[in-house]
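K.L.:
Please read through the structure below; I'll follow up with questions.
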Amino acid sequence: MIVFGGMSGWSTAYRSMAEALCRRGLDCLLVDGPGQGESRLEGAFFADADVTSGFSRFVNCIQERTPGQRMGLWGNSYGGLLAALTATRDHRIEACCVNGGPVLTELPPFRTAQEQFAAMFGTSEPAALTKSRTALAFDGKRAPLACPTLVLEDGADPLVPLGTQRGFLVGNRYSLSRVQTCSDGEHTIYNHSAERNALAADWFAEALAPAARLCHREKRNAQIAHF
């Protein structure tokens, strides 16, 4: 499993998610992707329109060290969109969770969030940010997620309107794919974190189980051929 956050992503903040996954026998890598946490502050690596290639490097790293491992992505907040985009372009991903992620990259309505957005992309230049915003948008009609997908939806989220995340399942044909709504869930359901972690970890354990692997791949091949 690869787990990451969003614009203010810090890998250490998701330790409880990793612990829930590990208790179910799933190895977990907590990462700071391009523009996040230590990658930005210490490595000067920023996000851009091709940020999903950066997350695929983590997949490369796992495959080089442990060949044949089944892999899933769990993206939180803006990282949910990045997880979905990465999974549409990297078919080595066999399961994906989008937790509180927007379908489109839009400039946040709050000043502090706007500053985080500019910091993630390493620029406040409007033209550069617009280019990245346009490229980083999910469109299931054009490129659906080709793996089982769990969408965690927040009923009291001020950043991602209720119902919009259902767009991540457009074109998705997997029986395990579903939307799980927490009626009073705040952004990324952090106010029910233990329940959220248990639900997602149980789902990943099922989605990445050996018996499900062949079925997932057969459906994925049929879906790729269709599109």
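The values are calculated or read from the model by the stated rules, or taken from the named source; none is laboratory data. Note that the coordinates shown come from a computational prediction; the quantities given were computed from them, not determined experimentally. Note: ideal-geometry Cβ built from the backbone for every residue, glycine included; neighbour counts use all protein chains shown. Just so you know, the surface numbers come from the protein's heavy atoms only, side chains and all, with ligands and any DNA or RNA stripped out. Shrake-Rupley method; radii C 1.70, N 1.55, O 1.52, S 1.80 Å.
K.L.:
Consider a paramagnetic label point 7 Å from the Cα of residue 92 along Cα→Cβ; state which residues of region 55-76 have an amide N under 18 Å from it.
P.N.:
Under 18 Å, as judged by backbone N against the label point of residue 92, lie 55-75 of region 55-76.
K.L.:
Roll a 1.4 Å probe over the protein heavy atoms and report the accessible area of residue 53 in Å², nearest 10.
P.N.:
About 50 Å², rounded to the nearest 10.
K.L.:
Specify the residue with the greatest mean-square fluctuation among 80, 33, 171, computed from a Gaussian network of the chain linking alpha-carbon atoms under 10 Å apart.
P.N.:
171
K.L.:
Now a separate question. Subtract the Cα-Cα distance of residue 134 and residue 41 from 0.36 nm times their separation in residues, and report this length gain in nm to one decimal. Numbers along the way, then the final one.
P.N.:
Values: separation 93, 0.36 × 93 = 33.48 nm, distance 2.51 nm.
Working it through step by step, the gained length comes to 31.0 nm.
K.L.:
Next question, about the same structure. Please check: in the Gaussian network model of the chain (C-alpha springs, under 10 Å), which one of 31, 170, 98 has the largest mean-square fluctuation.
P.N.:
Between 31, 170, 98, it is 170 that shows the largest mean-square fluctuation.
K.L.:
Continuing with this model, one more query. Rounded to the nearest 0.05, what FRET efficiency do residue 111 and residue 156 give with R0 = 35 Å and r taken as the Cβ-Cβ distance? Could you check? The partial results should precede the final answer.
P.N.:
Numbers: r = 21 Å, r/R0 = 0.61.
With a Förster radius of 35 Å, E is 0.95.
K.L.:
In region 162-211, carbon and sulfur make up what percent of the accessible area (probe 1.4 Å)?
P.N.:
55 percent
K.L.:
Find how much the distance from residue 62 to residue 183 grows on full extension, using 0.36 nm per residue of separation minus their present alpha carbon separation; answer in nm with one decimal. Show your work: numbers first, answer last.
P.N.:
On the way: separation 121, 0.36 × 121 = 43.56 nm, distance 3.61 nm.
40.0 nm is the gain from fully extending residue 62 to residue 183.
K.L.:
Moving on to the next point. Can you pull the accessible area of residue 10 for me, 1.4 Å probe, Å² to the nearest 10?
P.N.:
Accessible area, nearest 10 Å²: 110 Å².
K.L.:
Next question, about the same structure. Give the angle, between 0 and 90 degrees and rounded to the nearest 10, that separates the Cα long axis of helix 126-135 from the longest principal axis of the Cα atoms of the chain.
P.N.:
10 degrees
K.L.:
Moving on. Sort 58, 46, 117 by accessible area with a 1.4 Å probe, largest first. Mind showing how you got there, number by number?
P.N.:
Working: 58 50, 46 95, 117 5 Å².
In descending accessible area the options line up as 46, 58, 117.
K.L.:
Another question, then. Just the accessible area for residue 50, please: 1.4 Å probe, Å², rounded to the nearest 10?
P.N.:
90 Å²
K.L.:
Which one, 123, 103, 52, projects farthest toward the positive side of the charge dipole computed for region 51-193 from Cβ point charges (K/R +1, D/E -1)?
P.N.:
52
K.L.:
Could you work out how far helix 210-226 tilts from the main Cα principal axis of the chain, as a 0 to 90 degree angle to the nearest 10?
P.N.:
Relative to the chain, helix 210-226 is tipped by roughly 70 degrees.
K.L.:
Per 5 Å bin from zero, what fraction in whole % of the C-alpha pairs of region 19-149 is there, up to the bin with the longest pair?
P.N.:
2, 10, 19, 24, 20, 14, 8, 3, 1, 0
K.L.:
Quick one: if you stick a label point 7 Å off each Cα along the C-beta vector at residue 192 and residue 173, how many nm between them?
P.N.:
3.2 nm
K.L.:
Restricting to DSSP H runs of at least four residues, report the calculated mean residue ellipticity at 222 nm for the chain, -39500 (n - 2.57) per run over all residues, nearest 500 deg cm²/dmol.
P.N.:
For the chain, the value works out to -13000 deg cm²/dmol.
K.L.:
Which whole-Hz ³J(HN,Hα) couplings does region 198-205 yield from phi under the Karplus relation 6.51 cos²θ - 1.76 cosθ + 1.60, θ = phi - 60°, glycine and proline marked x?
P.N.:
Here the 3J(HN,Hα) series is 5, 4, 5, 5, 4, 5, 5, 4 Hz.
K.L.:
Among 23, 196, 178, which one shows the biggest mean-square fluctuation in a GNM of the chain, springs joining Cα atoms closer than 10 Å?
P.N.:
Highest fluctuation among the options: 23.
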